[in-house]
1. Inspect all residues belonging to the range 30-48 and state whether any of them is of a type outside the set (Lys, Arg), crowded, with 16+ Cβ neighbours inside 10 Å and touching a strand residue (DSSP E or B) at 6+ places or on another chain (Cβ under 7 Å).
2. Looking at the range 30-41, which of its residues are over 20 Å from the mean Cα position of the chain (by Cα) and in a loop (DSSP other than H, G, I, E, B)?
3. What helices (runs of 4 or more DSSP H) lie completely within the range 82-147 and have 3 or more residues being free of Cβ contacts under 8 Å to residues at least 60 places away in the same chain, surrounded by 14 or more Cβ atoms within 10 Å (Cβ to Cβ) and of a type outside the set (S, T, N, Q)?
4. So, in the range 253-276, exactly how many residues are in contact (Cβ under 8 Å) with a residue 24 or more places away in the chain and surrounded by 12 or more Cβ atoms within 10 Å (Cβ to Cβ)?
5. For ILE127, only one of the following conditions fails: (1) modelled with pLDDT of 85 or more; (2) of a type in the set (A, V, I, L, M); (3) under 29 Å from the mean Cα position of the chain (by Cα). What is its number?
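The values are calculated or read from the model by the stated rules, or taken from the named source; none is laboratory data. Because the structure is predicted, anything quoted here is derived from the model rather than measured. With ideal geometry, Cβ positions are generated from the backbone for all residues, glycine too; neighbour counts draw on all protein chains shown.
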Amino acid sequence: MSDIGERIALLIKESGLNKNSFSKHIGLKNNSTITNIINNPKRSPSYDVIFRILARYEQLNVRWLIAGQGQMFSISEDSFTNINDRLSHIHRKYAITLNEAATKVGVAEDELRKFFYENEPPSEHLIEKYLEAFPEVNPGWIRHNQLPMRTKTSAGNYISPDTLNKMIKTFGSTVEEEFKDLLNCRNARPAHIVRIESFLECDMALEVFGEEMVPDFQPGEIVLVDMVDSNTYIYDLPYIIITDTINVLRFIRNSDNPETLLLSPANGTAETIEINKADIRHLYLVKGKIRKYH
């Protein structure tokens with residue numbers, strides 16, 4: 001599968017939704033954004049859209065979504081040893097709420113609530129209702145955790161064999177050239193996207209590590225960066241600065257030399273670096289930070 005639009009279209013189909021209901025499901029006002037992504041193969045979704053999708057699909061494999069690597073869902077379907085967890089996984093797989101599941105199964109929401117919040121084992125009657133409501137789900141998987149989860153799938157009818165052969169891509173090839181240096185920043189690294197709470201309209205998210213920027217940036221926090229012109233920096237703001245020899249998260253400070261800048265850590269655990277202004281190849285302004293789930 002050569003582009004992310006095709007994968008989003010497949011996710012929509014696998015979820016039993018259409019572009020309009022999917023857009024509402026991930027919190028978009030209308031389907032224009034998703035439609036444009038699917039209809040224009042060269043258009044990549046913003047990180048805001050990616051994070052909206054990942055926030056609603058907990059088990060979605062981020063590498064599959066972004067780069068076409070691996071399976072759509074990252075957790076093995078046989079990893080849910082408790083039948084309550086398997087029934088709950090059906091809700092995630094089909095991207096439906098507890099209320100929507102109750103309607104589809106034909107029982108009161110309160111009846112489902114005691115199974116998923118009080119861990120009461122489901123009755124055989126309820127299991128039969130799930131099997132009727134989700135005929136493609138394997139009865140052996142629901143009852144005994146026997147793979148596969150589903151005996152039928154729409155994927156075979158949706159993806160051509162030629163497209164399947166093109167699904168595996170390296171992540172690096174999907175990153176625009178000017179952003180590749182970010183992957184080697186000394187004290188910030190690409191974030192594990194599925195653990196981020198929210199996102200702004202920025203170029204990339206990176207995870208902070210090391211003690212150099214404490215207390216302003218704690219290890220494990222996510223910084224959101226935007227590429228800016230290398231001559232438009234503002235003193236005392238945090239940036240990721242990239243030269244031929246330096247790739248680091250620092251505050252840009254004024255120096256006494258009009259030709260140079262100081263790159264300062266937030267504390268004394270690392271050195272202040274002086275660089276020539278003309279040596280800056282790329283400059284990324286840190287526009288915000290968010291914390292990961294724990």
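1. Yes, the range 30-48 has at least one match.
2. Residues of the range 30-41 over 20 Å from the mean Cα position of the chain (by Cα): 30, 32, 39-40.
Within the range 30-41, ASN30, ASN40 meet the criteria.
3. On the way: elements: 83-93, 98-105, 109-117, 124-133, 139-144.
Per the criteria, 83-93, 98-105, 109-117, 124-133.
4. 7
5. Status for ILE127: all satisfied but (3).
Yes/no matrix, rows are residues, columns are (1) closer than 29 Å to ILE26 by Cα; (2) within 15 Å of the chain's Cα centre (by Cα); (3) modelled with pLDDT of 70 or more:
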residue	(1), (2), (3)
LEU200	yes, yes, no
GLU212	no, no, yes
GLN218	no, no, yes
ILE222	yes, yes, yes
ASP229	no, no, yes
